[in-house]
Amino acid sequence: MLPPTYPEAAIALQEEISRLVVTEGDPYPSLVAGLDAAYARDGRTVFGAAALLVFPSLEFVEGAWAACEIAFPYIPGLFAFREGPALIEALGRLAHTPDLLIVDGHGIAHPRRCGIASHIGVVTGIPSIGVAKHLLCGAAAEPGSERGSAAPVTEGGATIGCAVRTVTGVHPVYVSVGHRVGLVEAVRLVLALSDGYRLPAPIRAAHALANRVRERGDGL
DNA sequence: GCGACAG
DNA sequence: ATCTTGTCGC
């Protein structure tokens, strides 16, 4: 199916993809890729970046990026149709295939249980986890203030993610299942991938790469 | 109808 | 996300 042009088509596609999401799994990855994007100042191009790190040493292996014309507006809940193409393109340019994806954004902590992390996980078949800085839906209980504390994010009685304290005393991140990873396992992995900063190392590396690429050349 | 709303 | 400098604090 071609990339949807209208919100109604995008929503219909998400409803189909959400049925394919596998919400359990306990991967022990060797190579973890962080995915993030940056936008050109003119707002017409999105730069997707993938940063590959060794697990659990967090040693950097390689980075890849891709520039795409923005083909979809920013609509909360339809994020994947804006950034997804650039992230998947960058992912495909890595010389190695990751065993796990850490995506900047939500997994199933989404109105249709199909955030960008789940979307990319299903499309690629690679286990994925969503890590977001803010909630899109649901409500989170307050986790303890110590690093490692976690509290559930729920919506309508269902647990859709966890608020996780990656740094003592710092605002938590919101972790949710992307694809082929259980929630408990996702939280454990995010903590193992976090080394002193609020966001996990793979996402920070991807974020830095995306910004570097954007600064170096706004065009294509 | 009103407010909220990943990046 | 992006527009934007310095500044307070560990």
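The values are calculated or read from the model by the stated rules, or taken from the named source; none is laboratory data. This structure is a prediction, so every number in the text was calculated from the model and none was measured. Neighbour counts are summed over all protein chains in view; Cβ atoms, including those assigned to glycine, are modelled from backbone coordinates with ideal geometry. We work out accessible area using only protein heavy atoms, side chains counted, and drop any ligands, DNA or RNA first. Shrake-Rupley method; radii C 1.70, N 1.55, O 1.52, S 1.80 Å.
Extension gain for the segment A:ARG19 to A:GLU215, taken as residue separation times 0.36 nm less the Cα-Cα distance, is 66.7 nm to one decimal. Here the accessible area is traced with a 1.4 Å probe on the protein chains. For the stretch A:161-220, carbon and sulfur cover 54 percent of it. Note that chain A presents 44 Å² accessible area per residue, ligands and nucleic acids not counted, probe 1.4 Å. Placing A:VAL103, A:VAL123 in order of accessible area, with the largest value first and a 1.4 Å probe, yields A:VAL123, A:VAL103. The slack in the chain from A:VAL184 to A:GLU62, taken as 0.36 nm per residue of separation less the alpha-carbon distance, amounts to 41.1 nm.
Excluding A:ARG165 itself, what net charge comes from residues whose Cβ is under 13 Å from its Cβ, given Lys and Arg +1 and Asp and Glu -1? After counting each charged neighbour, the total is 0.
Each peptide in A:82-93, A:172-183 gets a packing score, the mean of other Cβ atoms within 10 Å over its residues, and the list from highest to lowest is A:172-183, A:82-93.
Mean residue ellipticity at 222 nm, helices only, chain A: -8500 deg cm²/dmol; runs of at least 4 DSSP H residues each add -39,500 (n - 2.57), and the sum is divided by the number of residues. The label point for A:THR168 and the one for A:THR5, both projected 7 Å from the Cα toward the Cβ, are 5.7 nm apart.
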